[in-house]
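**Q** Take this structure first; my questions come after.
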Amino acid sequence: MKTIGVIGGGIMGSGIAQVMAQADYNVILIEATASLCRKAEQRVSKSIDRSIEKKSLKKTDKAKLLKRIVCSTDIHDLKHSFLVIEAIPEKIKLKKQLFKKLDQALPSNVILASNTSSISISEIATSTKRPTKVIGMHFMNPVPAMPLVEIIVGKNTSRATLSTIKQLSKQCKKTSVVAKDAPGFISNRILVPMINEAIFCLQEKIGTKEDIDTTMKLGMHHPMGPLELADFIGLDTLLEIQEILYKGFKNAKYRPAPLLKKMVKAGKYGKKSGQGFYRYNKSRKK
Ligand SMILES: NC(=O)c1ccc[n+]([C@@H]2O[C@H](COP(=O)([O-])OP(=O)(O)OC[C@H]3O[C@@H](n4cnc5c(N)ncnc54)[C@H](O)[C@@H]3O)[C@@H](O)[C@H]2O)c1
């Protein structure tokens, strides 16, 4: 069995690890500390349970999948992987530092993919000596349930790298689309400004949070309201994406809603911190 590395076992990394194990890969999941490793393992376990509840996995699959996923804090453990998928926070500085370390630590044939929502793949690739092997592999949340992977091709990404990632997406039973390396790519260029606008509506008291969400659910047939979805994605992640769109396009229409900034400053990150636009049973603090 081949091995895939996943870095960051948060909302996205835990789901990516599960999906890769389901596609018959061994997974090495890297977290920053041993205690975060344990949390990441619990997250994977809960995510598998949700898939069992939804009947997309059998109860008997769980032990086999968990056995395929090993958590570590040492990136050198990734040296036998043919691919590493990074899913750490949406901060360009952090991602560039990590890609530099990965480039130095891993054999030159290893493909380095980022699950970034909006950051330039070409820019991330500049921190490595293997820009042909750097690519965006943007999964949607929750990864096991969402059928799309948005593949982002950087300025120097090779056709061979693209072809491997397309094939892998198919193997994971996902449909892939290919996007150019522009801020927000396709998905978040469209989605995040809509959510940002919903936050402006709330800030300007155009409607209550419930009315805003109900409008989009019943009026536009969206499965979740934009404020509910914001809590689910993580307000910190959304703010980072909106800032990248604003800086990238230098256009005032992308300015982040002040209410979004205020909530992030106050530690209200949404579901993952226990409070966002709505309150949740706290599952994990940042
Ligand atoms: N949340 C979403 O809905 C969503 C959807 C698509 C893409 N993304 C993207 O996925 C990435 C991760 O987002 P998330 O929502 O999973 O964030 P998250 O905060 O839930 O998880 C990030 C994880 O990375 C870990 N981490 C940080 N630095 C690390 C390091 N140097 N080495 C190892 N682990 C490290 C943290 O401990 C944390 O567990 C971001 O780039 C985000 O934009 C998020």
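**Q** Please state the shape class of region 150-286: rounded when a/c is under 1.5, otherwise prolate if a/b exceeds b/c and oblate if not, all from the C-alpha gyration tensor. Kindly include the intermediate steps, with their values, before the conclusion.
**A** On the way: a/c = 1.90, a/b = 1.66, b/c = 1.14.
Prolate, since a/c reaches 1.5 and a/b exceeds b/c.
**Q** Roughly how many Å² is the accessible area per residue of the chain, as a whole number, for a 1.4 Å probe? Don't jump to the answer; show the numbers that get you there.
**A** Numbers: 14550 Å² over 286 residues.
Per residue, the chain has 51 Å² of solvent-accessible surface.
**Q** Order 209-220, 129-140 from most to least packed using the mean count of other Cβ atoms within 10 Å.
**A** Working: 209-220: 15.2, 129-140: 21.6.
In decreasing order of mean packing, 209-220, 129-140 become 129-140, 209-220.
**Q** Full-extension gain between LYS58 and GLN97, please, as 0.36 nm times their residue separation minus the C-alpha to C-alpha distance.
**A** Values: separation 39, 0.36 × 39 = 14.04 nm, distance 3.94 nm.
Using 0.36 nm per residue and subtracting the Cα-Cα distance, I get 10.1 nm.
**Q** For the chain, what's the relative contact order in percent, using C-alpha pairs closer than 8 Å and at least 6 residues apart? Intermediate results must be reported in sequence, preceding the final value.
**A** On the way: 521 pairs, mean separation 37.1, N = 286.
Result for the chain is 13 percent.
**Q** Also, quick follow-up: Relative to the longest principal axis of the chain, what angle (0 to 90°, nearest 10) does the C-alpha long axis of helix 159-171 take?
**A** 80 degrees
**Q** Further, regarding this structure: Just to confirm the number: angle between the C-alpha axis of helix 187-203 and the first principal axis of the chain, 0 to 90 degrees, nearest 10?
**A** That helix lies at roughly 30 degrees to the long axis.
**Q** To continue, here is another question. Mind listing the long-range amide H neighbours of LYS2? Cut-off is under 5 Å, sequence gap 5 or more, other chains count too, H placed in the peptide plane at 1.01 Å from N.
**A** ASN26
**Q** What's the angle, to the nearest 10 degrees (0 to 90), between helix 235-249's Cα axis and the longest principal axis of the chain?
**A** 90 degrees
**Q** Carbon and sulfur atoms: what percent of the 1.4 Å accessible area of the chain do they account for?
**A** On the way: 8070 of 14550 Å².
Of all accessible area on the chain, carbon and sulfur atoms account for 55 percent.
**Q** Hey, another quick one. Could you give the dipole magnitude of region 189-273 about its Cα centre, charging the beta-carbon of Lys and Arg +1 and that of Asp and Glu -1, in debye to the nearest 20? The partial results should precede the final answer.
**A** Values: 14 positive and 10 negative charges, 74 e Å.
Here the size comes out at about 360 debye.
**Q** Kindly report, to the nearest 10 Å², the accessible surface of TYR280 as traced by a 1.4 Å probe over protein heavy atoms only.
**A** 70 Å²
**Q** Based on DSSP H runs of at least 4 residues, each adding -39500 (n - 2.57), what is the mean residue ellipticity at 222 nm of the chain after dividing by all its residues, to the nearest 500 deg cm²/dmol?
**A** On the way: 11 runs with 126 residues, N = 286.
So the calculated ellipticity at 222 nm is -13500 deg cm²/dmol.
**Q** Once you sort the root eigenvalues of the Cα gyration tensor of region 212-286 as a ≥ b ≥ c, which label holds: rounded (a/c under 1.5), prolate (a/b larger than b/c) or oblate (the other case)?
**A** On the way: a/c = 2.33, a/b = 1.14, b/c = 2.05.
Taking the square roots of the gyration eigenvalues as a ≥ b ≥ c, region 212-286 is oblate.
**Q** With respect to the cross-link table entries LYS54/LYS272; LYS2/LYS67; LYS129/LYS174; LYS173/LYS268; LYS95/LYS247; LYS166/LYS250, which display a Cα-Cα separation exceeding 25 Å?
**A** Numbers: LYS54/LYS272 21 Å; LYS2/LYS67 14 Å; LYS129/LYS174 30 Å; LYS173/LYS268 34 Å; LYS95/LYS247 18 Å; LYS166/LYS250 32 Å.
Long pairs (Cα-Cα over 25 Å): LYS129/LYS174; LYS173/LYS268; LYS166/LYS250.
**Q** Taking the Cα centre of the chain as the origin and placing charges on Cβ (Lys, Arg +1; Asp, Glu -1), which of ILE152, ILE121, GLN42 is farthest toward the positive end of the dipole?
**A** Toward the positive end, the furthest listed residue is GLN42.
**Q** Restricting to Cα atoms and excluding each atom paired with itself, what does the Kirkwood estimate give for region 3-180 in Å? Let's see the in-between values first.
**A** Values: mean 1/r = 0.0627 Å⁻¹.
Answer for region 3-180: a Kirkwood hydrodynamic radius of 16.0 Å.
**Q** Suppose every Lys and Arg Cβ carries +1 and every Asp and Glu Cβ carries -1, with no other charges. What dipole size does region 3-180 come out with about its Cα centre, to the nearest 20 debye?
**A** Numbers: 30 positive and 13 negative charges, 52 e Å.
Computed charge dipole of region 3-180: roughly 240 debye.
The values are calculated or read from the model by the stated rules, or taken from the named source; none is laboratory data. Being a predicted model, the structure only gives us computed values, none of them experimental. Neighbour counts are summed over all protein chains in view; Cβ atoms, including those assigned to glycine, are modelled from backbone coordinates with ideal geometry. Please note that ligands, DNA and RNA were not included when accessible areas were found on the heavy atoms of the full protein model with its side chains. Shrake-Rupley method; radii C 1.70, N 1.55, O 1.52, S 1.80 Å.
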